[in-house]
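The block underneath contains the structure these notes are about, expressed in structure tokens.
Values in this text are rule-based calculations from the coordinates and carry no lab data. The structure displayed is predicted, hence computed values, not measured ones.
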Amino acid sequence: MKKLLFLPVAAFALSACTSMVDSVAVNSMPEGADVYVNSKLVGKTPMTVDLERTGSFEIKVAKAGYKDEVINLAPQASNPFIKFGPLADLGYYKELTPSPVQADLAPSFLPAYPGVNADKDFVSNVLQADKLRKEGKISAKEHSYLMKKISEFYTKK
């Protein structure tokens with residue numbers, strides 16, 4: 001009889017423990033960027049990383065030729081009205097936000113803000129993106145993305 005009571009309790013405990021982890025999707029544009037979780041390299045985008053719900057994490061997405069992007073993940077109550085004993089303390093009713101992580105990397109050659117010669121700088125940046133494409137350092141998709149980011153940068157108000 002004791003064995004029969006142990007099985008449901010063990011099953012409940014194991015199911016509660018397995019759900020204390022969130023699978024967070026990490027995507028970037030352009031793809032193939034390195035993903036660091038708390039300064040530790042974990043892979044390249046697109047990927048999914050399993051993180052404990054009770055901790056805070058710093059996700060850094062980095063790729064050569066682009067500015068690094070840092071996103072902080074923190075646990076947030078998924079349903080603040082429902083709490084059930086020790087599960088609340090273990091993070092069962094929490095989820096990491098923001099999830100999924102989407103990093104739109106900016107080209108490293110863009111300045112912090114458009115300068116006095118914005119037209120000349122715009123042409124220079126377009127030519128630099130074209131040169132990277134002609135040399136085969138970036139794909140056609142990545143070139144289109146660079147052109148979009150350059151245009152957005154010089155047209156934003």
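Of all aspartates and glutamates in the structure, those lying under 12 Å Cα to Cα from K44, and not within fewer than 8 positions of it along the same chain, are E31, D34. Can you classify segment 90-145 as rounded, prolate or oblate using the Cα gyration tensor, where a ≥ b ≥ c are the square roots of its eigenvalues, rounded means a/c under 1.5, and otherwise it's prolate if a/b beats b/c and oblate if not? In terms of gyration-tensor shape, oblate.
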